[in-house]
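K.L.:
The following block contains the structure, expressed as structure tokens.
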Amino acid sequence: MTAKETAGGGFILIVEDDKGTSELEALRLEFLGLEIKRASTPAETIRILKGGRPELMVLDYSFPGMNALELLSDLKKESIPLPPFIMVTGRGDEAVAVESMKAGALDYIVKDGAFLDNLLPTAKKALEKAALQLKLKKAEEALRKNLRLYNFLAHVNLASAREKDRNKLFSEICSIAVHTGGFRMAWIGTPDTDTDRVYPCCSAGFVDGYLESIKVALSDGPASKGPTGTAIRTGLIAKVSDISTDPAMEPWREKALQRGYRSAAGIPLKENGRTVAALTLYSGEYDFFTDEEAKLLAEIEGDISLALDAISSEEKRVSSQTALERTTRQLAHIMEVNPVILFTLRLLKGRLIPEWVTGDTQGLLGYDTVEILAPDWLAQVIHPQDKDWVLAGQAAIQGKSALAQDFRIKRKDGSYAWIHCQLKSVKGASGEVISSWTDITQLKESEARFQELFREAPIGYHSLDADGNLLAVNNTWCRTFGRAEKEVLGRNFSEFLTPRSAEEFSRNFPGLKKSGAVEGAEFEILKGDGSTGRVSFTGRVSHNADGTFKQTHCVFTVIPKTKKNK
């Protein structure tokens, strides 16, 4: 090592109570190019070491009333870092040499005739050894920091994979930062734009009221320049290497230093690309967050943000699932109180096989859903008179967009219910069909009663189309005219009148369509047996929704024959 190589602004401390020996040592060591400082007493030595750390200390073993080992013990009590040193003694005692090396001496020199000649090479060698030790120490410290951060990262990944609750994850990350990462304190804050502040949501480590005593702002200003505010404002990792000197820490410096915080870093935590919080780490070491550590912090940021994205996605899924379940419950309730059954079916080999059913199946038919889902259930319960045409129609649904059917189903108690069935093929889903069943039993029963009333009414009735053709007749009409229903439907009413009345009907019917009503129109009818009779008609016209003619409804009474016209 040359003088040029060793020069770097440091100094060498010579601790020697003999002034002449101290001067000779200084002359020999000037070649190293370092400032030489001298101390002749333990007190003077302690004062110099409190002011700075020398590159090398040349330490005499003996002082009046004290030896060097006792001085080293005093330095330890004063918490003064022990600098690299070589021990110099006038005693060639092997025990002293061993004790000196155990105390940390880089080398040991005996004050003999060759002492001054050996001092310079020994000092050079000691400086080289000290430089190597310092390099190794820094490497060990870097490795130690990296191992701590890697462990921190690994445990964060485990927590992120395990924990699905955002607040619990945040708390666990802070705990991991302190207990695994070795940080003095860690906290996570979330921004509140309404109050322009960052509020702590969790913390770990030596807090000691720190978070309650500080204010971190969002808007630009002194209270937002620290690592937490900067991370949230910019979305980037923010570092403070030395809290005692960094201007960004001015608002919080005193309180931070009181709690042993020496450096800090703010890590933005993002959810779906948006910064939602910041993790702030405080170290008890100066310059902890180097560029190498910043790379690991970026990995921690990315992994936590991925976990937050997953939590957000799961929350959305759960919310959607909850909404779906709520809708399903509401739909199920609606189905339970309405006379409707819903199906999804699959067309297989010409048969519609039920895959899903919902609704008040018990209330409407007496069957539970398990029974209805049996592939052959419909064929077993459909009315024998309806079975063939219903099943044939459903088997052909694939070629149609929709199908409607009214048929009878045997209830579990043996009675029959009328069902209005609607089927529709699902587009893009081969063979899939949706269907609804509505109970129309009451409607069918009402319709049957109406038909019975219509057919058996004691007054004659018929309806005519726009050309005067018969659309419907009742039994009284058939008995009066002496003709069967199938014989007359579709034929013009004039065919069942005598020629004179037929002419009159043909002449007046267009006027009836316009006026909309007729009262007491008398016609002579021609019965099936060739006899005649007179009837009095009252008619009304019904119209379509657009106001056009639909049909004419007529009732009649028979005019009894008098003796005169017999």
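The values are calculated or read from the model by the stated rules, or taken from the named source; none is laboratory data. Owing to the predicted nature of the structure, the values given are computational and were not obtained by experimental measurement. Using ideal geometry, Cβ is built from the backbone for each residue, glycine included, and neighbour counts are taken over all protein chains shown.
K.L.:
Can you say whether GLY273 is surrounded by fewer than 23 Cβ atoms within 10 Å (Cβ to Cβ), more than 22 Å from LYS215 (Cβ to Cβ), free of Cβ contacts under 8 Å to residues at least 40 places away in the same chain and of a type in the set (Gly, Ala, Ser), as far as the supplied structure shows?
P.N.:
yes
K.L.:
Return the total of residues in the stretch 347-366 being surrounded by 15 or more Cβ atoms within 10 Å (Cβ to Cβ) and of a type outside the set (Val, Ile, Thr).
P.N.:
9
K.L.:
May I pose another question? Does at least one position in the stretch 217-232 carry a residue that is within 26 Å of GLY302 (Cα to Cα) and assigned to a strand (DSSP E or B)?
P.N.:
Yes, there is a match, as at least one residue in the stretch 217-232 is within 26 Å of GLY302 (Cα to Cα) and assigned to a strand (DSSP E or B).
K.L.:
A follow-up question, please. Just give me the residues in the stretch 192-216 being under 20 Å from GLU172 (Cβ atoms) and either part of a loop (DSSP other than H, G, I, E, B) or at pLDDT below 90 (or both), in sequence order.
P.N.:
Passing the criteria: PHE206, VAL207.
K.L.:
Report whether or not LYS50 is under 58 Å from the mean Cα position of the chain (by Cα), modelled with pLDDT under 90 and among the charged types (D, E, K, R).
P.N.:
It is true that LYS50 is under 58 Å from the mean Cα position of the chain (by Cα), modelled with pLDDT under 90 and among the charged types (D, E, K, R).
K.L.:
Name the single residue, out of those in the stretch 404-435 being at pLDDT 90 or above and polar (S, T, N, Q), that is nearest to ARG346 (Cα to Cα).
P.N.:
Here the answer is GLN422.
K.L.:
From the list ASP112, ASP117, pick out the single residue that is in a helix (DSSP H, G or I), more than 33 Å from the chain's Cα centre (by Cα) and either acidic (Asp, Glu) or assigned by TED's automatic domain parsing to the domain that holds ALA186 (or both).
P.N.:
Unique residue meeting the criteria: ASP117.
K.L.:
Checking TYR282 against (1) buried (at least 21 other Cβ atoms within 10 Å of the Cβ); (2) of a type in the set (Ser, Thr, Tyr); (3) more than 36 Å from the chain's Cα centre (by Cα), which test does it fail?
P.N.:
With respect to (1) buried (at least 21 other Cβ atoms within 10 Å of the Cβ); (2) of a type in the set (Ser, Thr, Tyr); (3) more than 36 Å from the chain's Cα centre (by Cα), TYR282 is out only on (3).
K.L.:
Let me ask something additional. Kindly indicate whether ARG38 is closer than 30 Å to ALA294 by Cβ, in the same structural domain as GLU23 (by TED's automatic domain parsing), basic (Lys, Arg) and touching a residue at least 24 places away in the same chain (Cβ under 8 Å).
P.N.:
No; evaluated as a whole, the condition is false for this residue.
K.L.:
On the basis of being closer than 19 Å to LEU149 by Cα, part of a strand (DSSP E or B) and either of a type outside the set (Lys, Arg) or not assigned by TED's automatic domain parsing to the domain that holds LEU169 (or both), does TYR286 make the cut?
P.N.:
no
K.L.:
Here is a follow-up. From the list ALA95, ALA43, ALA114, ALA39, which one is hydrophobic (A, V, I, L, M, F, W, C), surrounded by fewer than 13 Cβ atoms within 10 Å (Cβ to Cβ) and either modelled with pLDDT of 90 or more or touching a helix residue (DSSP H, G or I) at 6+ places or on another chain (Cβ under 7 Å) (or both)?
P.N.:
Matching residue, one of ALA95, ALA43, ALA114, ALA39: ALA43.
K.L.:
From the residues in the stretch 146-181 that are hydroxyl-bearing (Ser, Thr, Tyr) and in a helix (DSSP H, G or I), which one is nearest to the chain's Cα centre (by Cα)?
P.N.:
This residue is SER160.
K.L.:
Name the pairs: first residue in the stretch 437-453 and in contact (Cβ under 8 Å) with a residue 60 or more places away in the chain, second residue part of a helix (DSSP H, G or I), Cβ to Cβ under 7 Å, at least 6 apart or on different chains?
P.N.:
Listed by first residue and then by second, the contacts come to ASP439/LEU364.
K.L.:
Identify all residues within the stretch 63-106 that are aliphatic (A, V, I, L, M), in a loop (DSSP other than H, G, I, E, B) and closer than 16 Å to ALA43 by Cβ; write none if there are none.
P.N.:
The one that is aliphatic (A, V, I, L, M), in a loop (DSSP other than H, G, I, E, B) and closer than 16 Å to ALA43 by Cβ: ILE80.
K.L.:
Now for a different question. Just to be sure, is PHE170 on the phi < 0 side of the Ramachandran plot and in contact with a Leu (Cβ under 9 Å, 6 or more places away or on another chain)?
P.N.:
Yes: the conditions hold for PHE170.
K.L.:
One residue is enough: does the stretch 185-193 have a residue meeting the conditions buried (at least 21 other Cβ atoms within 10 Å of the Cβ), more than 29 Å from the chain's Cα centre (by Cα) and of a type in the set (A, V, I, L, M)?
P.N.:
Yes, there is a match, as at least one residue in the stretch 185-193 is buried (at least 21 other Cβ atoms within 10 Å of the Cβ), more than 29 Å from the chain's Cα centre (by Cα) and of a type in the set (A, V, I, L, M).
K.L.:
Hey, another quick one. Hey, does the stretch 395-409 have a residue that's within 19 Å of THR369 (Cβ to Cβ), of a type outside the set (Ser, Thr, Tyr) and in the same structural domain as VAL357 (by TED's automatic domain parsing)?
P.N.:
Yes, the stretch 395-409 contains a residue that is within 19 Å of THR369 (Cβ to Cβ), of a type outside the set (Ser, Thr, Tyr) and in the same structural domain as VAL357 (by TED's automatic domain parsing).
K.L.:
If the Cβ limit is 8 Å and pairs must be 6+ apart or interchain, which residue in the stretch 479-497 that is touching a residue at least 60 places away in the same chain (Cβ under 8 Å) and among the hydroxyl-bearing types (Ser, Thr, Tyr) pairs with which residue that is surrounded by 19 or more Cβ atoms within 10 Å (Cβ to Cβ) and not in a helix (DSSP H, G or I)?
P.N.:
THR480/GLY460; THR480/ILE525; THR480/VAL535; THR480/PHE556
K.L.:
Please indicate, with yes or no, whether at least one residue in the stretch 13-25 is at negative phi, aliphatic (A, V, I, L, M), within 60 Å of the chain's Cα centre (by Cα) and modelled with pLDDT of 90 or more.
P.N.:
no
K.L.:
I'm trying to understand the selection: among the residues of the stretch 196-216, which are hydroxyl-bearing (Ser, Thr, Tyr) and farther than 23 Å from GLY302 by Cα?
P.N.:
Within the stretch 196-216, TYR210, SER213 meet the criteria.
K.L.:
Related question: Just for strands (runs of 3 or more DSSP E) wholly inside the stretch 325-421: which have at least 3 residues that are in contact with a helix residue (DSSP H, G or I) (Cβ under 8 Å, 6 or more places away or on another chain), at positive phi and of a type in the set (Val, Ile, Thr)?
P.N.:
none
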